[in-house]
């Protein structure tokens, strides 16, 4: 017995399956609502995890830009020794960048940052104008590796060239450390919450489909006996849970976006959050977030209903 | 049309054989009545034909299809060629008469236009013209069974299996149903009917097969209920 493939009939069948699935959403309206609601909560938590992480990361990066190791050089230090030190630092894998600040540049920077304090500048001029030392400003990839740079510069061989070392502004460092530990906590807590709610929504959707299978068991047996294919019986259940996923995904993304827009617009003028805000409000990212959230919802839905059908829809023994 | 060669069926749980070495040959367009006490194996025999059950041993060939070579994924195709009617009708209560019959055509991918064209014809044959928009709960038992028959034959199967279709019906309605089956048989469909109704058996004067304790004990053309 050969099955003929007939495009027209396949399309008709496909639309019938979709229609039946959509119809079934409303046959058990309260169960469907519960399934969508719990999936919505799970998706909002998952999405918030992502948003908070991106925000924290960007904020820490922004703060870290100001955090550098300054290695002050002695006046008239040996050029070769200095080069050697520079090389040792550049070749370290933890180093992001290294800048040489000459005595003149240091002077200019100082002057510009204290340009309103004429007394101080006058005093400086009296001292001869070249009081400030030259220095290397080193930024690292990972803030916890700041000390490593210090260790390199502190080696005995550079004793003659290095005057002193400072590890960035301490207030900035503390802020970053606090932000980093907050990020860690938020990530752990939200991954935990997201997993729990994902499992709960899988269970609820599983149960919704299980009940649907039981209430429609007579109908399903009928369908089998009059020659419905397994696909024709399974299809509507998959369509049903796909609809849950799409609805929950759209509502979840909209909810998170309304939070981003309402809170974000207030703090977007702060340097640490500007990038994040612009990132999330760009159209392409917004589309990606919507598509991604819907996709996660649909996957959770299909996974749960497939699980329920595997267990309760006895299609194996036809 | 139907050929059973030394077919046996034993249920694992019961241990006892439900059917033992059944040999049966049914010609196309035949009308065959299967009788016998409850638990004799009539329903098992029918379930073997619809592939709800598999034989423990023996060969089944229906409409040229050898069941040994039938793959699971082709079972829906087989069922589309065999119409089945049950004692308890098995109609979908949330669908109208028209929708119940149309359902059998929807699952095979028939277009709405074809369905609109075919269903009224079949409802006319089973005498349910004008009841298209009624729900099963609004019909009498006999009418419900005729809806079930309409659904079973709407795809013009080669074989119609009716498992005690009159079991729940009063005599008048039972005869309505039997007459519809005869009509369908006249159109060229092989009919297999199981029944406990003596009057039906005696008046139909068709081939009667008696099954007792899983064996065929008599097989007579123009047979009667009591020998």
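Restrict the check to segment A:285-305 and report whether at least one residue is in a helix (DSSP H, G or I) and either out of contact with any helix residue (DSSP H, G or I) (no Cβ under 9 Å at 6 or more places or on another chain) or on the phi > 0 side of the Ramachandran plot (or both).
Residues of segment A:285-305 in a helix (DSSP H, G or I): A:285-305.
After this cut, where a residue has to be either out of contact with any helix residue (DSSP H, G or I) (no Cβ under 9 Å at 6 or more places or on another chain) or on the phi > 0 side of the Ramachandran plot (or both) as well, the list is A:287-288.
Yes.
Output the strands (runs of 3 or more DSSP E) that fall wholly within segment B:5-105 and possess 3 or more residues being touching a residue at least 60 places away in the same chain (Cβ under 8 Å), more than 24 Å from residue A:314 (Cβ to Cβ) and away from chain A (no Cβ under 11 Å), or say none.
Passing ranges, in order: B:17-26, B:31-35.
Name every residue in segment A:275-318 that is farther than 18 Å from residue A:251 by Cβ and without any contact (Cβ under 8 Å) to a residue 12 or more places away in the chain, in order of residue number.
Passing the criteria: A:278, A:282, A:283, A:284, A:285, A:310, A:314, A:316, A:317.
Yes or no, residue by residue, for (1) crowded, with 17+ Cβ neighbours inside 10 Å; (2) free of Cβ contacts under 8 Å to residues at least 12 places away in the same chain:
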position: A:194; (1), (2): yes, no
position: A:199; (1), (2): no, yes
position: A:204; (1), (2): yes, no
position: A:210; (1), (2): yes, no
position: A:229; (1), (2): yes, yes
position: A:254; (1), (2): no, yes
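What are the residue pairs meeting all of these: first residue in segment A:1-27, first residue more than 9 Å from chain B (Cβ to nearest Cβ) and under 30 Å from residue B:67 (Cβ atoms), second residue at pLDDT 80 or above and part of a helix (DSSP H, G or I), Cβ atoms under 6 Å, and 6 or more apart or on different chains?
Within 6 Å, the pairs are A:17/A:235; A:17/A:236.
Any residue in segment B:125-134 that is buried (at least 21 other Cβ atoms within 10 Å of the Cβ) and within 22 Å of residue B:165 (Cα to Cα)?
yes
Please return the ranges of helices (runs of 4 or more DSSP H) entirely within segment A:200-281 where 3 or more residues are more than 14 Å from chain B (Cβ to nearest Cβ). It would help to see each step written out before you state the result.
Details: elements: A:217-225, A:230-267, A:271-281.
Of the helices (runs of 4 or more DSSP H) lying wholly inside segment A:200-281, those with at least 3 residues that are more than 14 Å from chain B (Cβ to nearest Cβ) span A:230-267, A:271-281.
Report whether or not residue B:92 is under 15 Å from the mean Cα position of the chain (by Cα) and surrounded by 17 or more Cβ atoms within 10 Å (Cβ to Cβ).
In short, no.
Can we say residue A:50 is more than 30 Å from residue A:214 (Cβ to Cβ) and either modelled with pLDDT of 85 or more or assigned by TED's automatic domain parsing to the domain that holds residue A:215 (or both)?
Values: more than 30 Å from residue A:214 (Cβ to Cβ): yes; either modelled with pLDDT of 85 or more or assigned by TED's automatic domain parsing to the domain that holds residue A:215 (or both): yes.
Yes, satisfied.
Report yes if residue B:137 is surrounded by fewer than 19 Cβ atoms within 10 Å (Cβ to Cβ), over 16 Å from residue A:225 (Cα atoms) and in contact with a helix residue (DSSP H, G or I) (Cβ under 6 Å, 6 or more places away or on another chain), otherwise no. Before you say what the answer is, go through the steps one by one.
Values: surrounded by fewer than 19 Cβ atoms within 10 Å (Cβ to Cβ): yes; over 16 Å from residue A:225 (Cα atoms): yes; in contact with a helix residue (DSSP H, G or I) (Cβ under 6 Å, 6 or more places away or on another chain): no.
Judged against the criteria, residue B:137 is not a match.
Would you say residue A:280 is touching a helix residue (DSSP H, G or I) at 6+ places or on another chain (Cβ under 6 Å), within 19 Å of residue A:58 (Cα to Cα) and at pLDDT below 90?
yes
Just to be sure, is residue B:9 farther than 20 Å from residue B:79 by Cα and either surrounded by 21 or more Cβ atoms within 10 Å (Cβ to Cβ) or at pLDDT below 90 (or both)? First the steps, then the outcome.
Working: farther than 20 Å from residue B:79 by Cα: yes; either surrounded by 21 or more Cβ atoms within 10 Å (Cβ to Cβ) or at pLDDT below 90 (or both): yes.
Taking the combined requirement at face value, the residue satisfies it.
From the set of residues in segment B:108-124 that are within 14 Å of chain A (Cβ to nearest Cβ) and without any contact (Cβ under 8 Å) to a residue 24 or more places away in the chain, which is surrounded by the fewest Cβ atoms within 10 Å (Cβ to Cβ)?
Going through the qualifying residues, I end up with B:113.
Look at residue A:137 and say whether it is within 30 Å of residue A:85 (Cα to Cα) and either in a helix (DSSP H, G or I) or assigned by TED's automatic domain parsing to the domain that holds residue A:20 (or both).
Criteria not met by residue A:137.
Somewhere in segment A:250-266, is a residue under 30 Å from residue B:151 (Cβ atoms) and in contact with a helix residue (DSSP H, G or I) (Cβ under 6 Å, 6 or more places away or on another chain)?
no
Look at residue B:103 and say whether it is crowded, with 18+ Cβ neighbours inside 10 Å, under 30 Å from residue B:202 (Cβ atoms) and out of contact with any strand residue (DSSP E or B) (no Cβ under 8 Å at 6 or more places or on another chain).
Details: crowded, with 18+ Cβ neighbours inside 10 Å: yes; under 30 Å from residue B:202 (Cβ atoms): no; out of contact with any strand residue (DSSP E or B) (no Cβ under 8 Å at 6 or more places or on another chain): yes.
No.
Say whether the condition of being over 20 Å from residue B:34 (Cα atoms) and either more than 14 Å from every other protein chain (Cβ to nearest Cβ) or buried (at least 19 other Cβ atoms within 10 Å of the Cβ) (or both) is met by at least one residue in segment B:175-188.
Yes, some residue in segment B:175-188 is over 20 Å from residue B:34 (Cα atoms) and either more than 14 Å from every other protein chain (Cβ to nearest Cβ) or buried (at least 19 other Cβ atoms within 10 Å of the Cβ) (or both).
Could you list, in sequence order, all residues of segment B:173-204 that are assigned to a helix (DSSP H, G or I) and closer than 13 Å to residue B:126 by Cβ?
B:173, B:176, B:177, B:178, B:179, B:180, B:181, B:182, B:183, B:184
So if I check each of A:110, A:114, A:100, which one is touching a residue at least 12 places away in the same chain (Cβ under 8 Å) and either over 37 Å from the mean Cα position of the chain (by Cα) or crowded, with 16+ Cβ neighbours inside 10 Å (or both)? Give the steps one after another, and end with the answer.
Details: A:114 fails: touching a residue at least 12 places away in the same chain (Cβ under 8 Å); A:100 fails: either over 37 Å from the mean Cα position of the chain (by Cα) or crowded, with 16+ Cβ neighbours inside 10 Å (or both).
Result of the check over A:110, A:114, A:100: A:110.
Only one residue in A:85, A:31, A:73, A:67 is within 30 Å of residue A:184 (Cα to Cα) and either crowded, with 16+ Cβ neighbours inside 10 Å or in contact (Cβ under 8 Å) with a residue 12 or more places away in the chain (or both). Which one?
Just one listed residue meets the conditions, A:67.
I'd like the full set of residues that are at pLDDT below 90 and under 28 Å from residue B:194 (Cα atoms), limited to segment B:96-124.
Of everything in segment B:96-124, those that are at pLDDT below 90 and under 28 Å from residue B:194 (Cα atoms) turn out to be B:107, B:108.
Kindly establish whether residue B:53 is under 16 Å from the mean Cα position of the chain (by Cα) and surrounded by fewer than 20 Cβ atoms within 10 Å (Cβ to Cβ).
So residue B:53 fits the description; yes.
The values are calculated or read from the model by the stated rules, or taken from the named source; none is laboratory data. Remember, predicted model here, so these are calculated numbers, not experimental data. Cβ atoms come from the backbone with ideal geometry, glycine included; neighbour counts cover every protein chain shown.
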